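In what follows, a single structure is set out as structure tokens and then discussed.
The values are calculated or read from the model by the stated rules, or taken from the named source; none is laboratory data. Predicted, not measured: the structure shown is a model, and the values here were computed from it. Reconstructed Cβ throughout: ideal geometry from the backbone, glycine too, with neighbour counts over all protein chains shown. Accessible surface is based on the protein model in full, side chains and every heavy atom, while ligands, DNA and RNA are left aside. Shrake-Rupley method; radii C 1.70, N 1.55, O 1.52, S 1.80 Å.
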Amino acid sequence: MIPRYSREKMSAIWADENRFTIWQEIETCAAEAMAQCGIIPVEAAQNIRAKGNFDVQRIAEIEAETHHDVIAFLTSMQEFIGDDARFLHQGMTSSDVLDTALSVQLTQAVDILLEDLDTVLAAFKKQAFAHKFTPTIGRSHGIYAEPVTFGLKMAGFYAEFARNKKRLLQAREEIAVCAISGAVGTYAHLTPEVEAIVAEKLGLTAETISTQVIPRDRHAALFNCLALIASSVERVAIEIRHLQRSDVREAQEYFAQGQKGSSAMPHKRNPILSENLTGLARIVRMAVVPALENIALWHERDISHSSVERVIAPDATIALDFALHRMAGMIDKLLVHDDTMQANLDKSYGIFNSQRVMLALTQNGMAREDAYKLVQQAALRAWDEKSDFMSLLAENEVIKSLFNEDMLAQLNDIGYHFRHVEHIFTRVFEEK
């Protein structure tokens, strides 16, 4: 991922230095486990731990000749350790190192994303409670529907990202596995005990059954989860983009002092953050199909998955980390125009009460179809003539025969729509 959309902490996970550090730890833990199981001398394992090191530049030089990254790495380690390096990698295969290291890197990345989600959740919760009863018009198909509160919008996003966090925790559990099982995964030159010891040292669990590689359905599940989170990010971004439109202007991204929106038009304040989030979501989702296709490898293994993962693992996690961080800041500093929300409610001329009036008519004995027709005629007239909906109803003889002025006023009370806000908030923020 390009630096523009990268944060240092996440990018560092995919840097050569971290990758080789993990490789070294895997080889060292494996040597210690083998010593514990009597496969290699204890002194050799101690020497590997004490002297073990690598040189990134030297690894690159060796790989240029050998065309094999793990062999190049082991050769570099050997140059630091000396004779006892012959006990490195005993009975292991390259995938034991590569796959286990990828599991470590992915769990490191997921842990950062979990922190990001906590920040996102805090931002949504802040706005939800600040605007719990801030009335705004709800829309379906982009058309005025019935009133909601802006706090309910934010609470809905909070609940969605709480589900995303739950999914990500499950995906982390699935990917946090270790495979030290040798060629074709039979432990022919190792023991399952070695793998178990290494897994515990690394904070992983032993793969149930590997075929030289860790099965890629685990990885696909994680990338699908990242894509779900990215799509949730885009849903938020699209909402903010719509609310910031000049003809809506109910909420907008914070616009900093000195910020400029257009090279040509000085008046512009564009929703650049949310538009950026929409684009980043596409990058993350792009990893899903390759991850799914990686599941089907030849026989016990091939390396068709390798080049794919070297691209999608860094790009998807770095892009999502950046997106979550950006969205949390955007929501935290979001400018909410409750006056414009009220103005837009007023522009509806009260037609958002059409369902309530229709239901009241049916409860007073009118057939639903007749009630629908009567209310629809008044609502369409209110919209076309820019007239107050309830005033038009008050002129109708049928309405006058059923409802007095006080009853009509009750039907026009916007608070009716918010009777269960507290209940919804309890379900979102208090129930486990």
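Quick notes on this one:
- Residue that is crowded, with 20+ Cβ neighbours inside 10 Å, modelled with pLDDT of 95 or more and touching a Ser or Thr at 6+ places or on another chain (Cβ under 7 Å), where the choices are A128, A123, A179: A179
- Of residues in region 1-49 being of a type in the set (S, T, N, Q) and part of a helix (DSSP H, G or I), the one most open to solvent (accessible area, probe 1.4 Å): Q36
- The condition (being outside any loop (DSSP other than H, G, I, E, B), in contact (Cβ under 8 Å) with a residue 24 or more places away in the chain, farther than 30 Å from E173 by Cβ and open to solvent by less than 50 Å² (accessible area, probe 1.4 Å)) is satisfied by just one residue among L280, L243, L273: L273.
- Residue satisfying all of: in region 295-322; charged (D, E, K, R) and within 20 Å of the chain's Cα centre (by Cα); surrounded by the most Cβ atoms within 10 Å (Cβ to Cβ) among these: D321
- Residue within region 323-343 that is surrounded by fewer than 17 Cβ atoms within 10 Å (Cβ to Cβ), in a helix (DSSP H, G or I) and among the hydrophobic types (A, V, I, L, M, F, W, C) present: yes
- Within region 122-166, tally of residues that are more than 24 Å from L228 (Cβ to Cβ) and among the acidic types (D, E): 1
- Pairs, first touching a residue at least 12 places away in the same chain (Cβ under 8 Å) in region 411-432, second of a type in the set (K, R) and part of a loop (DSSP other than H, G, I, E, B), C-beta under 7 Å, six or more apart: V421/K132; F425/K132
- For beta carbons closer than 7 Å, sequence separation of 6+ or different chains, a first residue in region 368-387 that is open to solvent by 100 Å² or more (accessible area, probe 1.4 Å) and a second that is of a type in the set (A, V, I, L, M, F, W, C) and part of a helix (DSSP H, G or I), the qualifying pairs are Y372/M358; R381/L392; W383/I351.
- In region 75-97, the residue that is surrounded by the most Cβ atoms within 10 Å (Cβ to Cβ) out of those that are under 37 Å from the mean Cα position of the chain (by Cα) and assigned to a helix (DSSP H, G or I) is D96.
- Which listed residue, of L152, L169, is crowded, with 18+ Cβ neighbours inside 10 Å, in a helix (DSSP H, G or I) and either more than 15 Å from the chain's Cα centre (by Cα) or modelled with pLDDT of 95 or more (or both): L152
- A296 meets the stated requirement of being outside any helix (DSSP H, G or I) and either modelled with pLDDT of 95 or more or closer than 30 Å to V248 by Cα (or both).
- Scanning region 9-44 for residues that are touching a residue at least 40 places away in the same chain (Cβ under 8 Å), small (G, A, S) and over 16 Å from Q105 (Cα atoms) yields A30, A31, A33, A44.
- Residue check, A264 part of a loop (DSSP other than H, G, I, E, B), among the hydrophobic types (A, V, I, L, M, F, W, C) and surrounded by fewer than 21 Cβ atoms within 10 Å (Cβ to Cβ): yes
- Those residues of region 388-405 which are open to solvent by 50 Å² or more (accessible area, probe 1.4 Å) and under 49 Å from the mean Cα position of the chain (by Cα), in sequence order: D388, S391
- Test for R139: is it open to solvent by 60 Å² or more (accessible area, probe 1.4 Å), among the basic types (K, R) and more than 16 Å from E239 (Cα to Cα): no
- Residue pairs whose Cβ atoms lie under 6 Å apart, sitting 6 or more positions apart in sequence or on different chains, and linking a residue in region 173-184 that is more than 8 Å from D96 (Cα to Cα) to a partner that is part of a loop (DSSP other than H, G, I, E, B) and of a type in the set (S, T, Y), are A183/T93.
- Of all the residues in region 204-228, those that are open to solvent by less than 60 Å² (accessible area, probe 1.4 Å), outside any helix (DSSP H, G or I), at pLDDT 95 or above and out of contact with any His (no Cβ under 9 Å at 6 or more places or on another chain) number 5.
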